[in-house]
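Everything below concerns the one structure shown next.
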Amino acid sequence: MAADLSVSRSAVKRTIKDLEKAELIRKEAHFRENGSSTSNRYYML
């Protein structure tokens, strides 16, 4: 996403956290069967 937008990864992370804090998106963590983490899913609220 950062590369597509020509911004830093930290800028993307910060913006996602800001959107979560403002309750505009919700993050849902996903895990493999062995318990290790995989990608997150984001939902617009």
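I need every pair where a residue in segment 29-45 that is in contact (Cβ under 8 Å) with a residue 24 or more places away in the chain has its Cβ under 9 Å from the Cβ of a residue that is not in a strand (DSSP E or B), sequence separation at least 6 or different chains. What qualifies is Y42/I16; Y42/L19; Y42/E20. The set of residues in segment 4-23 being open to solvent by 90 Å² or more (accessible area, probe 1.4 Å) and not charged (D, E, K, R) consists of L5, S6.
Inspection of segment 28-39 identifies at least one residue that is under 14 Å from the mean Cα position of the chain (by Cα), among the β-branched types (V, I, T) and loosely packed, with under 10 Cβ neighbours inside 10 Å.
The values are calculated or read from the model by the stated rules, or taken from the named source; none is laboratory data. Keep in mind it's a predicted model, so treat the numbers as computed, not measured. Glycine gets a Cβ as well: all are built from the backbone with ideal geometry, and neighbour counts include every protein chain shown. Areas reflect the complete protein model, heavy atoms only, side chains present, ligands, DNA and RNA absent. Shrake-Rupley method; radii C 1.70, N 1.55, O 1.52, S 1.80 Å.
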